[in-house]
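Written below as structure tokens is the structure these notes are about.
The values are calculated or read from the model by the stated rules, or taken from the named source; none is laboratory data. Everything quoted here is computed from the prediction, not taken from an experiment. Reconstructed Cβ throughout: ideal geometry from the backbone, glycine too, with neighbour counts over all protein chains shown.
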């Protein structure tokens, strides 16, 4: 059995769909991180997951720089546990962000954000719980698989 040490202070991002944690690390900026220790556990056994597997990311140290709200957009089943002095002090599911900035691209070929390279890709969460491009109102298509 593989043994991963517990962290004393930091966060644990849990219940990630198996095989998706590396891409998630890119979006969160973890891969470029040079200050925190990070552990990636792929295909761990899970009794709660429909597939019986999950990915886990552990970040040791101050993780305030992570944009954790984007997790709710990417996968609503993800949980984030805050660890202090080796003990879990808070476990929560992130809430969907009001805005997604440069996380996904607009698929409308005529949108200004698609044509102009310097233009940020911005989507806002609407009343119906759907994200729309702020420039062209294109609805963001979410692939749940």
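Per-structure values
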item: Test result for residue 97, under 16 Å from residue 133 (Cα atoms), more than 18 Å from the chain's Cα centre (by Cα) and part of a loop (DSSP other than H, G, I, E, B); result: no
item: Count - residues of the range 103-132 that are within 18 Å of residue 67 (Cα to Cα), at pLDDT 90 or above and either crowded, with 16+ Cβ neighbours inside 10 Å or out of contact with any helix residue (DSSP H, G or I) (no Cβ under 8 Å at 6 or more places or on another chain) (or both); result: 6
item: The range 1-21, residues that are exposed (fewer than 14 other Cβ atoms within 10 Å of the Cβ) and not in a loop (DSSP other than H, G, I, E, B); result: none
item: Matching residues in the range 134-145 - criterion: being surrounded by 13 or more Cβ atoms within 10 Å (Cβ to Cβ) and out of contact with any strand residue (DSSP E or B) (no Cβ under 6 Å at 6 or more places or on another chain); result: 135, 136, 138
item: Failed item in (1) in contact (Cβ under 8 Å) with a residue 24 or more places away in the chain; (2) on the phi > 0 side of the Ramachandran plot, with residue 46 passing the rest; result: (2)
item: Residue, surrounded by the most Cβ atoms within 10 Å (Cβ to Cβ), within the range 57-66, restricted to residues that are touching a strand residue (DSSP E or B) at 6+ places or on another chain (Cβ under 9 Å) and not in a strand (DSSP E or B); result: 63
item: Flag if residue 29 is in contact with a strand residue (DSSP E or B) (Cβ under 8 Å, 6 or more places away or on another chain) and at positive phi; result: no
item: Some residue of the range 92-101 being out of contact with any helix residue (DSSP H, G or I) (no Cβ under 6 Å at 6 or more places or on another chain), closer than 30 Å to residue 5 by Cα and in contact (Cβ under 8 Å) with a residue 12 or more places away in the chain; result: yes
item: Scan of the range 22-56 for residues that are assigned to a helix (DSSP H, G or I) and surrounded by fewer than 16 Cβ atoms within 10 Å (Cβ to Cβ), ordered by number; result: 22, 23, 26
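Matching residues to (1) under 21 Å from residue 69 (Cβ atoms); (2) under 13 Å from the mean Cα position of the chain (by Cα); (3) without any contact (Cβ under 8 Å) to a residue 12 or more places away in the chain:
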position	(1), (2), (3)
4	no, no, no
7	no, no, no
18	no, no, no
21	yes, yes, no
38	yes, no, no
53	no, no, no
